[in-house]
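The values are calculated or read from the model by the stated rules, or taken from the named source; none is laboratory data. Computed from a predicted model, the values in this text were never measured in an experiment. All Cβ positions, even for glycine, are placed from backbone atoms using ideal geometry, and neighbour counts span all protein chains on display.
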Amino acid sequence: MNPEAKILVIDDDPDLVEALKMILQTGSYRVVFAFDGEEGLKRVKEENPDLIILDLLLPKESGDVLCRELKTDPRYANIPILVLTAVAEKMSNKLFPKHRIKSLPADDYVDKPVQPQDLLGRVDRLLARSKEGEKI
């Protein structure tokens with residue numbers, strides 16, 4: 001665990017954001033959040049997070065567009081992105097089929113709901129690999 005790490009959660013569900021915040025704080029992470037894609041991009045620029053947890057179905061700018069935008073910008077390309085979404089199941093695989101989600105330049109992907117220990121384990125691994133300077 002990296003207790004100095006700052007994690008940006010971008011999701012439009014306030015209850016889920018609060019739950020993720022509590023889970024991540026048990027891992028001693030600092031948590032900031034945004035509720036739509038535009039606010040998410042603004043928070044990335046303001047906060048310079050160590051990791052981003054990103055939903056795909058967001059108002060104003062979708063998570064897949066934001067993910068691609070961040071990963072093609074040299075200022076943010078090295079920030080690990082964990083896609084956390086239930087969109088594949090919710091949308092009957094029409095809008096975001098699993099293969100489209102897996103083709104995103106995100107560093108990891110997990111379906112909602114996620115178990116707290118699974119989430120913390122994934123966050124820990126992504127941060128460790130990022131800190132070591134590996135290509136994730």
* Asked: Is it true that Ile23 is at pLDDT 95 or above, aliphatic (A, V, I, L, M) and in contact with a strand residue (DSSP E or B) (Cβ under 6 Å, 6 or more places away or on another chain)?
  -> no
With the first residue restricted to the range 16-36 and required to be within 20 Å of Ser62 (Cβ to Cβ) and touching a residue at least 40 places away in the same chain (Cβ under 8 Å), and the second required to be among the hydrophobic types (A, V, I, L, M, F, W, C) and surrounded by fewer than 19 Cβ atoms within 10 Å (Cβ to Cβ), Cβ contacts under 7 Å at 6 or more apart or on different chains are none
Taking first residues from the range 54-81 that are aromatic (Phe, Trp, Tyr) and second residues anywhere that are outside any loop (DSSP other than H, G, I, E, B) and surrounded by 14 or more Cβ atoms within 10 Å (Cβ to Cβ), the pairs with Cβ under 8 Å that are 6 or more apart or on different chains are Tyr76/Val44; Tyr76/Leu70
From the option list Glu4, Glu89, Glu61, single residue qualifying as surrounded by fewer than 18 Cβ atoms within 10 Å (Cβ to Cβ), part of a loop (DSSP other than H, G, I, E, B) and at pLDDT below 90 is Glu4
Picked from the range 20-36 (must be among the hydrophobic types (A, V, I, L, M, F, W, C) and surrounded by 17 or more Cβ atoms within 10 Å (Cβ to Cβ)), the residue nearest to Asp50 (Cα to Cα) is Val31
### Residue check, Val9 of a type in the set (A, V, I, L, M, F, W, C), surrounded by 18 or more Cβ atoms within 10 Å (Cβ to Cβ) and more than 22 Å from Asp111 (Cα to Cα)
no
Scanning the range 44-68 for residues that are over 17 Å from Leu24 (Cα atoms) and not charged (D, E, K, R) gives Val44, Asn48, Leu56, Leu57, Leu58, Pro59, Ser62, Gly63, Val65, Leu66, Cys67
